[in-house]
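Novice: Please read through the structure below; I'll follow up with questions.
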Amino acid sequence: MRLFFDANTLFTAAHNPKGKAALVIDLGAKGHWRLYTSAYAIEEARRNLEAKFPATLSTFLKLLTAFQTGPESRTHKCPAVLPDKDRPIYLAAHGCRATHLLTGDIRDFGTLMNQPNKTDGLVIQTAAQFLETL
């Protein structure tokens, strides 16, 4: 499996190192699956952590060592319901050939969650949903 983390899932893992998102990263670092993100997601998470929880930046940087980054897909089209701000995340997940996009953004991704028929095969889930399906 190839898991793509969006900005808020990276933020959550850094802010809550005993939570589900951090557990998924830990298991990925141990070889259970591959971890991916994008420069766009990293920068957004970094900005938000710096503004809200600056003491967690060192944890964030350590988490990032488990990830690979990749480019945005140039061949996929975004679902029409996806807001512009989330399109780089969706395209980067496809660019990394991710099987899953993990996000906590239920407001914007909610109608696409667990519906790979609407997302060119990409399974969009929260970290909790992903762990429940294992």
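Novice: Go through the range 58-101 residue by residue and tally those that are assigned to a helix (DSSP H, G or I), surrounded by fewer than 17 Cβ atoms within 10 Å (Cβ to Cβ) and hydrophobic (A, V, I, L, M, F, W, C).
Specialist: The qualifying residues number 1.
Novice: Regarding the range 66-77, can at least one residue be identified that is within 21 Å of Thr133 (Cβ to Cβ), out of contact with any Leu (no Cβ under 8 Å at 6 or more places or on another chain) and among the polar types (S, T, N, Q)?
Specialist: no
Novice: Return yes or no: is Phe4 more than 17 Å from Gln129 (Cα to Cα), within 12 Å of the chain's Cα centre (by Cα) and buried (at least 19 other Cβ atoms within 10 Å of the Cβ)?
Specialist: Values: more than 17 Å from Gln129 (Cα to Cα): no; within 12 Å of the chain's Cα centre (by Cα): yes; buried (at least 19 other Cβ atoms within 10 Å of the Cβ): yes.
So Phe4 does not fit the description; no.
Novice: Can you name every residue in the range 7-28 that is part of a loop (DSSP other than H, G, I, E, B) and in contact with a helix residue (DSSP H, G or I) (Cβ under 8 Å, 6 or more places away or on another chain)?
Specialist: Start the filter on the range 7-28 by keeping residues that are part of a loop (DSSP other than H, G, I, E, B), which leaves 16-19.
Correct list: Asn16, Pro17, Gly19.
Novice: Here's a follow-up. Against the conditions (1) open to solvent by less than 60 Å² (accessible area, probe 1.4 Å); (2) among the charged types (D, E, K, R); (3) within 16 Å of Phe4 (Cα to Cα), where does Asp108 fall short? Just the number, please.
Specialist: (3)
Novice: Now for a separate question. Here's a check for you: in the range 29-42, which residue that is in contact with a helix residue (DSSP H, G or I) (Cβ under 8 Å, 6 or more places away or on another chain) and in a helix (DSSP H, G or I) is least open to solvent (accessible area, probe 1.4 Å)?
Specialist: Ala41
Novice: Note down all Cβ pairs under 8 Å where the first residue falls in the range 80-100 and is on the phi > 0 side of the Ramachandran plot, the second is open to solvent by 30 Å² or more (accessible area, probe 1.4 Å), and they're at least six residues apart or on different chains.
Specialist: Arg97/Arg2
Novice: Can you confirm whether Arg107 is farther than 14 Å from Thr12 by Cα and part of a loop (DSSP other than H, G, I, E, B)?
Specialist: No; evaluated as a whole, the condition is false for this residue.
The values are calculated or read from the model by the stated rules, or taken from the named source; none is laboratory data. Note that the coordinates shown come from a computational prediction; the quantities given were computed from them, not determined experimentally. Note that we place each Cβ from the backbone using ideal geometry, even for glycine, and neighbour counts take in every protein chain shown. Just the protein is used for accessible areas: all its heavy atoms, side chains included, with ligands, DNA and RNA removed. Shrake-Rupley method; radii C 1.70, N 1.55, O 1.52, S 1.80 Å.
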